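The values are calculated or read from the model by the stated rules, or taken from the named source; none is laboratory data. Because the structure is a prediction, the values reported are computed rather than measured. Ideal geometry is used to build each Cβ from the backbone, glycine not excepted, and the neighbour counts take in all protein chains shown. Protein only, heavy atoms only, side chains kept; ligands, DNA and RNA dropped before computing areas. Shrake-Rupley method; radii C 1.70, N 1.55, O 1.52, S 1.80 Å.
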Amino acid sequence: MARIIVVTSGKGGVGKTTSAAAIATGLALRGNKTVVIDFDVGLRNLDLIMGCERRVVYDLVNVIQGEAGLNQAMIRDKRSDNLYILPASQTRDKDALTLEGVEQVLEKLSEDFDYIVCDSPAGIERGAQLAMYFADEAIVVTNPEVSSVRDSDRILGLLASKTRRAEQAQDPVIERLLITRYDPNRVDSGDMLNLEDIQEILAIKLIGLIPESEAVLRASNSGVPVTHDQDSDAGQAYSDTVARLLGDEKPLRFHQLQKKSFLSRIFGGGRR
Amino acid sequence: MSLKVDQTATAFTFKGGMLPMTVMELASSDPERISAQLAGKLSQSPAFFQHTPVVLSVEKLDDTSLALERLCAVCRSHKLLPVAVRGGSEGIKQSAWALGLGWFPPQESRESRTLASVTPPPSPSSVAQDVGHGGRIFRGTVRSGQQISAAEGDLVVVGAVNAGAEVLAAGSIHVYGPLRGRALAGIHGDRDCGIFCHELHAELLSVAGNYKRLEDIDPSLLDTTVQVRLRDDQLSIEALV
């Protein structure tokens, strides 16, 4: 049986798709057979981040509506044999997804895979609720700003009531917090919420902290998940996150202000 | 105005009534389909759709995907006025209440309730006695968008009430944690109850309809442990030591 992990946030633009791609890649690199599903029907992005947009033939909606088989729609990642992508449809909308259809797809995938990562659309409507409904675990992506924290709080409320686990009174969905775009400099100057404040409000376990990094945009635009860029702080932070997801203990990194060395202050050495 | 005057001249009396009501028995939870069908009916008999009150019956639905708020909007846009919901899960009941709608139990179990509602409403003195019974304890974080209520008695929250969340009680509200959302005590008019919290940062505080917004709260009281109660029709917030 596969573990079903939903990557969700409520608010848009906080890094759900980037995180879903990076975490799925990290899980696959550690030897787990992983599939990442784009639930953002109508605003397909995951294929771009994963660099497989030119290989999309069939999509999730085709599979649900019986127009294509799962194996026809899944795309094998170029860089990792363990990783598959199930893209969303760009020409349809979220109403094309049905609860039964999603259940059947996830059940079928569960037979073959260790991890199923669901990349949720933004919002709290049908698309987001379908993405989270069958989840065993949830990674709630939050930026260090008040609106993102409040939306994450809302999503946590839905995870506790609008999922199969909640409705069937099973063990609740395991909720984990992933803070992205964290900039210790701006936290220090008071522009951004700090780690402790976010954790105090959301009151769930922190699974990772991804620093604001140029590497993320570079990775998105080149279609290579940032986990592959192990020279970058963000790439390392995602690897730490995946390690914690798999049960390893990893100390938190990149959350403290780095004192710039004398030379870098003179030469303006930026972070990678 | 003194209290004595209020007690002698009653502003209203409760009476039982049986009014005819249209029940909208839903066979689908898809707002688009409902909207389309309503549009068809509207053209057939426009006279019917004049802000007619309706009860939405969801008994025949698997309501996991039911978007009550959207459904109400669809009804209103066709000049139907949803006033209550019948049947459905605990979640439906809560969201009906959150939308300001009434909730009726499903038809099978309704008989006993109808009898109960025919019995005369309790006199004010027995209402006062009932307060303190019932009540509710909630353990955990009340999150943005969630509404936790105690229709009778006090509500105790062991945890935080986050911004965008709402806690309501017929009696007092006790929050053993930060209160960042809205807290409404004495929702049925009990003026002797209060709000108690460990860390005050509430968006709104209300006791028996008298309220204060976050903006009205003395900043020196923020993030402290306080009690809120009514004094001379004014909401007073005092530090609890």
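Annotations
- Test: residue in region B:187-194 that is within 14 Å of chain A (Cβ to nearest Cβ) and not in a strand (DSSP E or B): no
- Of all residues in region A:111-125, those that are surrounded by 18 or more Cβ atoms within 10 Å (Cβ to Cβ) and among the charged types (D, E, K, R) total 1.
- When the residues of region A:207-244 are filtered to those that are open to solvent by 30 Å² or more (accessible area, probe 1.4 Å) and over 21 Å from A:M50 (Cβ atoms), the one that is farthest from the other protein chains (Cβ to nearest Cβ) is A:E212.
- Condition met for A:R181 (touching a residue at least 24 places away in the same chain (Cβ under 8 Å) and within 12 Å of chain B (Cβ to nearest Cβ)): no
- Residue selected from region A:141-153 under the condition buried (at least 21 other Cβ atoms within 10 Å of the Cβ) and under 22 Å from B:E166 (Cα atoms), by the criterion farthest from the other protein chains (Cβ to nearest Cβ): A:S148
- Taken together, the criteria place B:D192 among residues that are over 25 Å from A:E200 (Cβ atoms) and open to solvent by 40 Å² or more (accessible area, probe 1.4 Å).
- Yes/no for A:V14 being open to solvent by less than 10 Å² (accessible area, probe 1.4 Å), in contact with a helix residue (DSSP H, G or I) (Cβ under 9 Å, 6 or more places away or on another chain) and not in a loop (DSSP other than H, G, I, E, B): no
- Every test in (1) of a type outside the set (K, R); (2) crowded, with 24+ Cβ neighbours inside 10 Å; (3) part of a helix (DSSP H, G or I) is passed by A:V7 save one, and that test is (3).
- Among the residues of region A:154-187, the ones that are open to solvent by 60 Å² or more (accessible area, probe 1.4 Å) and within 22 Å of A:D240 (Cβ to Cβ) come to 4 in all.
- Tally, over region A:126-136, of residues that are farther than 20 Å from A:Q170 by Cβ and open to solvent by less than 10 Å² (accessible area, probe 1.4 Å): 2
- Scope region A:203-239; condition touching a residue at least 40 places away in the same chain (Cβ under 8 Å), acidic (D, E) and not in a loop (DSSP other than H, G, I, E, B); matching residues: A:E214
- Residues located in region A:111-129, provided they are within 13 Å of chain B (Cβ to nearest Cβ) and out of contact with any strand residue (DSSP E or B) (no Cβ under 9 Å at 6 or more places or on another chain): A:G123, A:I124, A:E125, A:R126, A:G127, A:Q129
- Of the residues screened, B:D154 is one that is modelled with pLDDT of 90 or more, among the acidic types (D, E) and in contact with a Ser or Thr (Cβ under 9 Å, 6 or more places away or on another chain).
- Taken over region A:133-149, residues that are assigned to a helix (DSSP H, G or I), more than 18 Å from A:I207 (Cα to Cα) and in contact (Cβ under 8 Å) with a residue 40 or more places away in the chain amount to 2.
- Evaluation of A:L193 against (1) open to solvent by less than 50 Å² (accessible area, probe 1.4 Å); (2) within 14 Å of chain B (Cβ to nearest Cβ); (3) under 18 Å from the mean Cα position of the chain (by Cα) (one fails), failing number: (3)
- Looking across region B:140-173 at every residue that is more than 14 Å from chain A (Cβ to nearest Cβ) and out of contact with any Gly (no Cβ under 9 Å at 6 or more places or on another chain), the one that is surrounded by the fewest Cβ atoms within 10 Å (Cβ to Cβ) is identified as B:S149.
- Unmet criterion (only one of (1) surrounded by fewer than 24 Cβ atoms within 10 Å (Cβ to Cβ); (2) over 19 Å from the mean Cα position of the chain (by Cα)) for B:R182: (2)
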